[in-house]
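As structure tokens, the structure follows; a few thoughts come after it.
We did not get these values from a lab; they are worked out from the coordinates using the rules stated. Source: prediction; values computed, not measured. Note that each Cβ is placed from the backbone with ideal geometry, even for glycine, and that neighbours are counted across all protein chains shown.
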Amino acid sequence: MPGAIPTYIHASDPISSAGLHSQLRARPELRVVDEMAVDDAAVAVVAVDEFDEEAARISRALCRGERPRIVCVAKSIDESALVAAAEAGVSGLVRRQDASADALVRAIEKVAAGQGEIPCDLLGQLLAHVGRLQRQVLTPRGLTFAGLSPREAEVLKLVADGQDTAEIAVRMSYSERTVKNILHDLTTRLQLRNRTHAVAYAMREGLI
């Protein structure tokens, strides 16, 4: 059907595979594709018992670029599985006991649209984990989730305002060498070509 979301199914056992294929092939919102057409899929549904190292490997292998985005159906999902799934590039998580056809279609549609899907009870745990990561890992290193330290963001804002290295040094009470080092460090870390590219990247990503 035109507009149907091309969806690939991978399951760790034949019973789960048969069940998912039976549920999803009947849905007009989806077009289930086979392994030969996995590169054409917008979403891949990965069904596993637990999100372990093997599930992470499968998810990473399937998601080689921006597509297909991954929805994982797992028997149990806790905070550690949530974090591991996020690290593996999974966009949606559904517990197996909640995986009705309607619930799966909703998750697939949201993920295909660039959104995320996780069980509501895990949202608080995810936010708590993010807060701990910021406090314990990033803040002591002068970093934020944006990938820029406050002084890097300030330097880029001044570059975007058209100020040169000498003017930025005066404005921030740094030496010119320090300003150059800040720009060099962030362009190297983010693999950017020059300060113009850095400003464009920061503006595009909403960092400044």
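Sequence neighbours fewer than 8 away in the same chain don't count; with that in mind, list the lysines whose C-alpha is under 27 Å from Lys110.
In chain and number order, the partners are Lys75.
Amide H to amide H under 5 Å from Glu117: which residues, 5+ apart in sequence or cross-chain, H placed 1.01 Å off N in plane?
Residues meeting the criterion, in which the H sits 1.01 Å from N, are Gly92, Leu93.
For Arg69, what residues show an amide H to amide H distance below 5 Å, using hydrogens built from the backbone and excluding near sequence neighbours?
It is Val43, Ala44, by chain and number.
Count neighbours as other Cβ atoms within 10 Å of each site's Cβ, and list the GluC sites (Glu not before Pro) in the stretch 48-96 that are DSSP loop with at most 11 such neighbours. Walk me through the numbers on the way to the answer.
On the way: sites: Glu50, Glu53, Glu54, Glu66, Glu79, Glu87; in loops: Glu66.
Of the GluC sites (Glu not before Pro), the ones in loops of the stretch 48-96 whose Cβ has at most 11 other Cβ atoms within 10 Å are Glu66.
Straight-line reach from Lys157: which lysines have Cα under 17 Å away, leaving out those fewer than 8 places along the same chain?
Lys180
Which GluC sites (Glu not before Pro) in the stretch 152-208 pass both tests, a DSSP loop state and at most 16 other beta-carbon atoms within 10 Å? Let's see the in-between values first.
Values: sites: Glu152, Glu154, Glu167, Glu176, Glu205; in loops: Glu205.
Sparse-neighbourhood loop GluC sites (Glu not before Pro): Glu205.
Explain nothing, just the number: relative contact order of the stretch 1-128, from Cα pairs under 8 Å at least 6 residues apart, as a whole percent. Don't jump to the answer; show the numbers that get you there.
On the way: 218 pairs, mean separation 28.0, N = 128.
Across the stretch 1-128, relative contact order equals 22 percent.
Can you give the log10 of the normalised intensity I(q)/I(0) at q = 0.15, 0.21, 0.22 Å⁻¹, computed with Debye over equal Cα scatterers of the stretch 5-129?
Results for the stretch 5-129 at q = 0.15, 0.21, 0.22 Å⁻¹ read -0.59, -1.23, -1.37.
Across the stretch 172-179, in residue order, what do the Karplus-derived ³J(HN,Hα) couplings come to in whole Hz, using 6.51 cos²θ - 1.76 cosθ + 1.60 with θ = phi - 60° and x for Gly and Pro?
3J(HN,Hα) across the stretch 172-179, in whole Hz: 9, 6, 10, 7, 4, 4, 4, 4.
Starting at the first residue of the stretch 92-104, write each ³J(HN,Hα) from the Karplus equation 6.51 cos²θ - 1.76 cosθ + 1.60 with θ = phi - 60°, in whole Hz, x for Gly and Pro.
x, 10, 9, 6, 4, 5, 9, 8, 6, 4, 5, 5, 5
Would you mind calculating the gained length between Ala86 and Ala18 on full extension (0.36 nm times residue separation, minus the Cα-Cα distance), in nm to one decimal?
Numbers: separation 68, 0.36 × 68 = 24.48 nm, distance 2.66 nm.
Gain in length upon complete extension: 21.8 nm.
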